[in-house]
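Single-structure report; data block below.
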Amino acid sequence: MSTLPPTGQLIPVDAPFSAAQESWLAGFIAGIAAAGKRAAGGAPTTTVDVLFGTQTGNAEFLADELVAGAKARGLGGRATPLDAVTPEQLAGMSHVLVVTSTYGEGEMPDNAGLFWDAIQASTVPRLEGLQYAVLGLGDTSYDEFCQAGKLLDTRFEQLGATRIHERVDCDVDFEDPAALWSAAVLDRLAAEAGARPGAGSHGAGGPAADTTTPPAAAGGAGASRTSRPGSQWNKRNPYRAPLVVNRLLSSPRSAKEIRHFEFALGDSGIEYAAGDALAVVPHNDPALVDQLLGHLGADGSADVDGRPLAEVLRLDREIRTPSKDLVADLVQRAPASELAAVVSHGDKHELDRWLWGRDVLDLLRDAGSAAPTMEELLPNLRGLQARQYSISSSPLAHPDRIHLTIASVRYGDVHRSHAGVASTYLADRVQADGEVDVYLQPNAAFGVPADSDAPMVMIGPGTGIAPFRGFLHERAAAGASGANWLFFGDQHRDTDFVYEDELIDLQERGVLTRLGLAFSRDQAEKVYVQTRMREQAAELYRWLEDGAFVYVCGDASRMAKDVEQALLDVVAEQRGRGAEDAAAYVADLRRAKRYVRDVY
């Protein structure tokens, strides 16, 4: 291997990288050089096991980068979902890096819950021989920020493992802190491996480091995907995609407004898969910006770091959802306000109920004369984040476009109307063929089965139908022979049956084998998708026994939990062995990636 020039000569001073990115690249390049020097020494003796828990794919993306960084430094590396690892396998590892997001109210993400349950058992093996570090991904707008990472970090320590680097908890802008953490941890492991040759993951003189994924993690949903090249388009550099279709799906008489959008990919080079998500970078409503400026008596043309204030509020700040910092500041400023009274009760659920539907302007009005000035407000406004939507198309059927299915959020009263940031940005304010900043959010865990003969059961009421429309088009275009069963529902059939013509056509063509419909308000007694699941319990269980993959998409707070309970009930009824056996059966489905969810 040729000798590399010094790192400083490889990364120009004017390169468009942040300090964190430069740090990671420097370690990466240094690792390549070190690996070249060690090449004559054979296979790496230290394997870094990167275990990830992910809900939307970010943790998996970072896990793959960690493995690449480890290999560049002359180490072995493999990335594995947490649920694919047993406590016994964990006890046999020597160097573990955990990257995990947090789901819901401080819960483990879907592919980490079984692992968490297992390592809490009193019989779990001790981990004295293991060195580890944890990287948490989260959102500070939630009370249980990075709780999954915190719990795993503490449990590993309780079991006797040695922490080799302090845990880092990342907010939604995770890239820089994650890069710094990764570089620091991998550099340390590489240095230790160089200082102690032969002390690898299997002990001195053990077999060469394995860089494959354990069998338990192989196959399953999404396993048919080939490795996709990294895209130049991301959060820092989104692609400006023309919005070429904006079509109302629901009836004008519906209580909901569900729209179908199509984005042209042009020469972007974006390669997506059915089951991926698309991140949309929205703009705030200029009318709301004007209301906010008017309420505080601020000048929209005032300079903020070289840009007009109005532009900063429209493009860069979250002015719909109040931040925790803003809530705390307003309580301190206005102790007699309604908000302060709610906070004083110390009831998180009561506070959540009070805040629901209220935006920054609502809270400023509640604070009255104690409200902050615009200058005081700005530091307490979070950055405006991209919104992620499940893609509702297949690249086999629509290679040059990405489709989204989105419900426009609109609500209010006689005093004020409110609207969702991204949904109404797309519906109302992007002109025909106007461009929207987007980037792909891959979701390798949520895709059609590798086996084209395998049956699929898809449960997606409302806009939860989105990825399953893509799945069905994927299977139709691929000529897959596997049976497909879709459970779909909403309020009324005559106003809310989105994609009805397409679904009927797919039925007639034999692609959609069964269609279970549940329109909750078309009869006196409300009927939901979980109702239909229980009604078809025997047939549903037969599909499970025949190897069906079960997918759920949609609301996490109620629907997904109700659907899981229905699935447990179906299994318990059909097997006749009680709730514990049913829970173990469903856990096996989850472990085999035959029960996966895309919930939000």
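The values are calculated or read from the model by the stated rules, or taken from the named source; none is laboratory data. Quantities reported herein were computed from a predicted structural model and do not represent experimental measurements. All Cβ positions, glycine included, derive from the backbone under ideal geometry; neighbour counts span all protein chains shown. These accessible areas exclude ligands, DNA and RNA; they are computed on the full protein's heavy atoms, side chains included. Shrake-Rupley method; radii C 1.70, N 1.55, O 1.52, S 1.80 Å.
Working only within region 555-600, note down all residues that are of a type in the set (K, R) and either out of contact with any Phe, Trp or Tyr (no Cβ under 9 Å at 6 or more places or on another chain) or surrounded by fewer than 15 Cβ atoms within 10 Å (Cβ to Cβ) (or both). Walk me through how you get there before you give the answer.
Initially, region 555-600 is screened for residues of a type in the set (K, R), giving 558, 561, 575, 577, 590-591, 593-594, 597.
Answer for region 555-600, where residues must be of a type in the set (K, R) and either out of contact with any Phe, Trp or Tyr (no Cβ under 9 Å at 6 or more places or on another chain) or surrounded by fewer than 15 Cβ atoms within 10 Å (Cβ to Cβ) (or both): R558, K561, R575, R577, R590, R591.
When residues of region 263-284 are filtered for being surrounded by 20 or more Cβ atoms within 10 Å (Cβ to Cβ) and among the acidic types (D, E), how many remain?
Number of matching residues: 1.
Considering (1) modelled with pLDDT under 95; (2) among the charged types (D, E, K, R); (3) farther than 24 Å from G275 by Cβ, say which one E508 fails and leave the rest.
Every listed condition holds for E508 apart from (1).
For region 530-549, enumerate the residues that are part of a helix (DSSP H, G or I) and in contact with a Pro (Cβ under 8 Å, 6 or more places away or on another chain).
Selection gives W543 alone.
Every residue in region 86-117 that is open to solvent by less than 10 Å² (accessible area, probe 1.4 Å) and either of a type in the set (A, V, I, L, M) or touching an Asp or Glu at 6+ places or on another chain (Cβ under 6 Å) (or both), please.
L90, V96, L97, V98, V99, A112, F115
Does F28 meet the test of being open to solvent by 10 Å² or more (accessible area, probe 1.4 Å) and either modelled with pLDDT of 95 or more or aromatic (F, W, Y) (or both)?
The answer is yes for F28.
Can you name the condition, by its number, that E375 falls short on among (1) open to solvent by 40 Å² or more (accessible area, probe 1.4 Å); (2) part of a loop (DSSP other than H, G, I, E, B); (3) of a type outside the set (A, V, I, L, M)?
(2)
Tell me, please, whether a residue that is surrounded by 20 or more Cβ atoms within 10 Å (Cβ to Cβ) and assigned to a loop (DSSP other than H, G, I, E, B) can be found in region 403-414.
Among the residues of region 403-414, not one is surrounded by 20 or more Cβ atoms within 10 Å (Cβ to Cβ) and assigned to a loop (DSSP other than H, G, I, E, B), which makes the answer no.
Do you know which residues across region 307-338 are without any contact (Cβ under 8 Å) to a residue 40 or more places away in the chain, open to solvent by 60 Å² or more (accessible area, probe 1.4 Å) and not aliphatic (A, V, I, L, M)?
Selection gives R307, E311, R314, Q332, R333, P335, E338.
Please specify each residue of region 532-567 satisfying the condition of being acidic (D, E) and within 28 Å of the chain's Cα centre (by Cα).
Pass one, region 532-567, residues acidic (D, E): 535, 539, 545-546, 555, 562, 564.
Across region 532-567, the qualifying residues are D555, D562, E564.
Which one is farthest from D290 (Cα to Cα), of the residues in region 353-364 that are open to solvent by less than 70 Å² (accessible area, probe 1.4 Å) and part of a helix (DSSP H, G or I)?
W354
Looking at (1) outside any helix (DSSP H, G or I); (2) closer than 24 Å to Y439 by Cα, which is the one condition that is false for P322?
The failed condition is (2).
Is one or more of the residues making up region 155-173 hydroxyl-bearing (S, T, Y), closer than 25 Å to R590 by Cβ and surrounded by fewer than 21 Cβ atoms within 10 Å (Cβ to Cβ)?
no
From V563, V571, V527, V552, grab the single residue that is assigned to a helix (DSSP H, G or I) and either closer than 30 Å to S254 by Cα or free of Cβ contacts under 8 Å to residues at least 24 places away in the same chain (or both). Don't jump to the end; show me each part of the working.
Values: V571 fails: either closer than 30 Å to S254 by Cα or free of Cβ contacts under 8 Å to residues at least 24 places away in the same chain (or both); V527 fails: assigned to a helix (DSSP H, G or I); V552 fails: assigned to a helix (DSSP H, G or I).
Just one listed residue meets the conditions, V563.
Every residue in region 122-136 that is assigned to a loop (DSSP other than H, G, I, E, B) and either among the hydroxyl-bearing types (S, T, Y) or open to solvent by 40 Å² or more (accessible area, probe 1.4 Å) (or both), please. Before the answer, list the steps.
Filtering region 122-136 for residues assigned to a loop (DSSP other than H, G, I, E, B) gives 122-130.
S122, T123, R126, E128, G129 - these are the residues of region 122-136 that are assigned to a loop (DSSP other than H, G, I, E, B) and either among the hydroxyl-bearing types (S, T, Y) or open to solvent by 40 Å² or more (accessible area, probe 1.4 Å) (or both).
Look at region 430-477 and say how many of its residues are over 19 Å from the mean Cα position of the chain (by Cα) and either assigned to a loop (DSSP other than H, G, I, E, B) or without any contact (Cβ under 8 Å) to a residue 40 or more places away in the chain (or both).
So the count comes out to 13.
Please count how many residues of region 465-474 are over 14 Å from G516 (Cα atoms) and open to solvent by less than 10 Å² (accessible area, probe 1.4 Å).
Residues that pass the stated criteria total 5.
Is it fair to say I402 is in contact with a Pro (Cβ under 9 Å, 6 or more places away or on another chain) and aliphatic (A, V, I, L, M)?
Here the answer is yes, as I402 does meet what is asked.
Taking L243 and the conditions (1) more than 19 Å from R410 (Cα to Cα); (2) open to solvent by 30 Å² or more (accessible area, probe 1.4 Å), which numbered condition does it fall short on, given that it satisfies the others?
(2)
Tally time: how many residues in region 584-594 are over 21 Å from G104 (Cα atoms), in contact (Cβ under 8 Å) with a residue 12 or more places away in the chain and part of a helix (DSSP H, G or I)?
Residues that pass the stated criteria total 2.
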